[in-house]
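Okay, structure first, notes after.
What follows draws every value from the coordinates through simple rules; no lab data is involved. These numbers come from a predicted model, not from an experiment. All Cβ positions, even for glycine, are placed from backbone atoms using ideal geometry, and neighbour counts span all protein chains on display.
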């Protein structure tokens, strides 16, 4: 896929006692970059202060990689003497990246932000997920579900986004390939349980109705959007804890799920732990539809073993957070093959 590029915009830079306005991607004088870094580090060592943009932190995305505005150096975690300040800075930048990726889902992937609950009162907190504009007429739908933790819609791994690139850590390549293959797309936001917008401080501790947990969020989306959409056939891509969310959907909407879901791709999901809480009939239903690409140093897509919930293949990487990215081509080949079977049976 083509990597996400930062839209052109201006930033203000303080140099020699004066403010200068320039493009965010425009490098500074290389001869002075070392002095500038020292000044920046001295400023950073005073302690972390939350800032309002990536540019205020001295970073931007160039060719999908988070780098320094000054000299395109990669993101660095350790900039403060205090590890606590470094973690605060890391999390603050991560939250800004979440908003940045939300923007990419809308502008680059053409998705629509859909608020939930659908009947929200003015005084209650709201959440959202993303969907393509062809949800009402596409025959095939792909549902994308991330894991647990700090990630939000559009992300597989914050760590990979910040330290590697958007292609490895975001869901953008999945969304773009799915749309190119004619799928409508739903990108869930299963970790958004409270209103995180800057205007909603008073609502911060209140759970979003319909999104109190990952399972509740996905069930709400299925109940009010998936069941009503045009798609006769559905495939699901889920990372890590997303496998538990898939089991909940299969259990809660069994007839509809069994009839419409034709393929389930999982990436390094610890399903043996999750299946213990579900009816054996639900687990057996998954076995006919699911493949789990687990962390392994075996060649990507190599068969590893069978489980009660489905087949396990190698994702081609030992690191958990890399598995969605390294198994990307194998997963879409699986979807393509299962979709072809449906087409042959229909004809």
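Centre-to-centre, using Cα atoms only, segment 307-347 and segment 138-182 are separated by 15 Å. When the chain is fully extended, how far beyond the present Cα-Cα distance does residue 306 get from residue 82, taking 0.36 nm per residue of separation? Gain in length upon complete extension: 75.9 nm.
Decide, for segment 221-321, between rounded, prolate and oblate: order the square roots of the alpha carbon gyration tensor eigenvalues as a ≥ b ≥ c, take rounded if a/c falls under 1.5, and otherwise choose prolate if a/b is larger than b/c, else oblate. Prolate, since a/c reaches 1.5 and a/b exceeds b/c. Looking at the square roots a ≥ b ≥ c of the eigenvalues of the Cα gyration tensor of segment 66-193, which shape do they give, rounded for a/c under 1.5, prolate if a/b is larger than b/c, or oblate? Verdict is oblate for segment 66-193.
In this label model, residue 106 and residue 123 are separated by 2.8 nm, measuring between points 7 Å along each Cα→Cβ vector. The residue 92 and residue 227 beta-carbon pair, evaluated with R₀ = 35 Å, returns a calculated FRET efficiency of approximately 0.35.
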